[in-house]
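The values are calculated or read from the model by the stated rules, or taken from the named source; none is laboratory data. Here the structure is a predicted model, which means the values were calculated and not measured. Cβ placement follows ideal geometry from the backbone for every residue including glycine, while neighbour counts extend to all protein chains displayed.
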Amino acid sequence: MGESKAITLPLTDEVIEGLRIGDHVEFSGVIHTARDAAHKRIVAMANAGEALPLDLRGQVIYYVGPTPARPGQPIGSAGPTTAMRLDPYTPRMLELGVKGMIGKGGRGRAVREAIKESHAVYCIAVGGTGALLNRHITSTEVVAFEDLGTEAIRRLEVERFPAIVVNDAFGGDLLEAGRRQYRTSSRPVPIGGGGA
Amino acid sequence: MREIEAAAITETVARLAVESTHFLPEDVEGAIRDARETERSPLGVQIIDEILENAEIARERMLPLCQDTGTSVVHVELGQDVHVSGGYLIDAINAGIEQGYGEGYLRKSIVENPFGARTNTGTNAPGVIHTEIVPGEELHIGFMPKGGGCENMSRYQNFLPGDGREAVVDFVCETVDLSGGNPCPPLIIGVGVGGTAEKAMTIAKHSLFRKVGERNPDPEVAGLEGELLEAVNALGVGPQAVGGSTTALDVFVETYPTHIAALPVAVNIQCHSARTKHAVL
């Protein structure tokens, strides 16, 4: 294992200021889960002027739909899902105060720009490592949209939860930069590392 | 004529669902271990280490390798001298999916009415079941819990007959480039060339049941597999698309005779959690 930056949540502007693409970080504290159905509902509620079920200011949202917990366990396997599917909702989520997101894969141009404008950060956790990430989640509680099952919003307490900074607050994009660095093919690199 | 009880099929499918989602196949884990030695990006190596540690934790603590326990893709080869008794084959398979996903604490990811209410079926059934009638009196069941992230990156295109081999290489590279980190690289890439639209995608998917390193018996096709693997790894996508030299662990190509007017090409991508399990009854 290489070096990691330990980060205690919530994410402050000062912490975000110090993060750069390619940084390996470990989050400790509280994060909230939300994926497709929860995003759709939050944005619809916000646009209708309704009160949200949680205050999103300063929050880190984890894109995950875990497996059911075995008896006595806080959660099942809990790795990230594809972030790009949440792109249509993300600029609005950032307006509502979200400061960090954890998913897998790249983000589209509009989201990359919104991350920079909002001085936020997007990280990936390693997709397909839900069993390993389970070990970094110490407690879980459904806080909204229980009817959505695996897609409900959960409050997670995490300890040294591993992630990698992909889009920092300065417009950096690790997927595009990394691909340029390691490409030996003569084929042109797609814009945004394929996340466009 | 040999009798196989539907209940035995249900039990087998339930077991395959649980085992496939918890135990990474040895050939896949071995290929990931090998990639660790050749990966040029330090961050890529760190990701590979997390993937290997994940496989160990999943095995030891009976936690699914990935929270996406997939669409249950079941490939059945039914010997023509077999008689299934005590129930209908497809019902028996779906009952096995329901049993395995319940007992195994697996995620139920299947919704009805895809463009409408999208209500979860609550069982992960129905599976996507392919049946083939083959000679003999055995029943082969291949089980693949196929993740949504990688399946979403599938692509199909009709090329001109004269476009040839180069079109296949360009299309596969373009597909991998565009999919980036979404399908969870390092990947295993299934490519179907020929047949019709549905045949090309079906053989692309079926190729993903092969073991890593298993080449197509046709030397010309095997040569294309080697060329594709090299071309894809030159893209620099790397583990989880952070940049690196390991974008794919293997590329499998299957072909089928096609129409004089056609060159169908289908790409079906598998993530590094390349989960498959077989049983023979």
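Observations on the structure shown:
- Only one of B:Ser109, B:Ser85, B:Ser41 that is of a type in the set (Ser, Thr, Tyr), touching a strand residue (DSSP E or B) at 6+ places or on another chain (Cβ under 6 Å) and touching a residue at least 12 places away in the same chain (Cβ under 8 Å): B:Ser85
- The residue of the range A:66-91 that is farthest from A:Ala44 (Cα to Cα), among those that are more than 7 Å from every other protein chain (Cβ to nearest Cβ) and not in a loop (DSSP other than H, G, I, E, B), is A:Ala83.
- The range A:98-139, subset surrounded by fewer than 18 Cβ atoms within 10 Å (Cβ to Cβ) and within 14 Å of chain B (Cβ to nearest Cβ), residue nearest to the chain's Cα centre (by Cα): A:Gly108
- Annotation note: of B:Leu139, B:Leu52, B:Leu43, B:Leu106, the sole residue that is among the aliphatic types (A, V, I, L, M) and crowded, with 23+ Cβ neighbours inside 10 Å is B:Leu106.
- Condition met for A:Glu117 (in contact with a strand residue (DSSP E or B) (Cβ under 9 Å, 6 or more places away or on another chain) and of a type in the set (Asp, Glu)): no
- Verdict on A:Ala152 being among the aliphatic types (A, V, I, L, M) and within 20 Å of A:Thr8 (Cα to Cα): no
- Number of the condition not met by B:Thr119 [criteria: (1) β-branched (Val, Ile, Thr); (2) modelled with pLDDT of 95 or more; (3) surrounded by fewer than 15 Cβ atoms within 10 Å (Cβ to Cβ)]: (2)
- B:Asn182 being of a type outside the set (D, E, K, R), free of Cβ contacts under 8 Å to residues at least 60 places away in the same chain and crowded, with 20+ Cβ neighbours inside 10 Å: yes
- Of all the listed residues (B:Thr255, B:Thr202, B:Thr175, B:Thr246), the sole one being in a loop (DSSP other than H, G, I, E, B) and touching a residue at least 60 places away in the same chain (Cβ under 8 Å) is B:Thr246.
- Just one residue in the set A:Val158, A:Val142 is free of Cβ contacts under 8 Å to residues at least 40 places away in the same chain, more than 9 Å from chain B (Cβ to nearest Cβ) and either of a type outside the set (Asp, Glu) or surrounded by fewer than 22 Cβ atoms within 10 Å (Cβ to Cβ) (or both); that residue is A:Val142.
- Among the numbered conditions (1) of a type in the set (Gly, Ala, Ser); (2) within 11 Å of another protein chain (Cβ to nearest Cβ); (3) touching a Leu at 6+ places or on another chain (Cβ under 9 Å), the only one that A:Ala169 does not meet is (2).
- Selection status of B:Gln67, over 21 Å from the mean Cα position of the chain (by Cα) and within 25 Å of A:Pro66 (Cα to Cα): no
- Applying the criterion of being in a loop (DSSP other than H, G, I, E, B) and closer than 24 Å to B:Ala274 by Cβ to the residues of the range B:124-142, the residue that is nearest to the other protein chains (Cβ to nearest Cβ) is B:Asn124.
- Hey, B:Ser72 surrounded by 18 or more Cβ atoms within 10 Å (Cβ to Cβ) and outside the structural domain of B:Leu235 (by TED's automatic domain parsing) or not: yes
- All positions within the range B:205-243 that are without any contact (Cβ under 8 Å) to a residue 60 or more places away in the chain and at the interface with chain A (Cβ under 9 Å from one of its Cβ atoms): B:Asn233, B:Ala234, B:Gly236
- Every residue from the range B:143-170 that is in contact with a helix residue (DSSP H, G or I) (Cβ under 7 Å, 6 or more places away or on another chain), within 14 Å of chain A (Cβ to nearest Cβ) and in a helix (DSSP H, G or I): B:Val169
- Test for A:Glu95: is it in contact (Cβ under 8 Å) with a residue 12 or more places away in the chain, surrounded by fewer than 19 Cβ atoms within 10 Å (Cβ to Cβ) and within 13 Å of chain B (Cβ to nearest Cβ): no
- Taken over the range A:6-63, the residue count meeting the criterion of being among the small types (Gly, Ala, Ser) and exposed (fewer than 14 other Cβ atoms within 10 Å of the Cβ) is 6.
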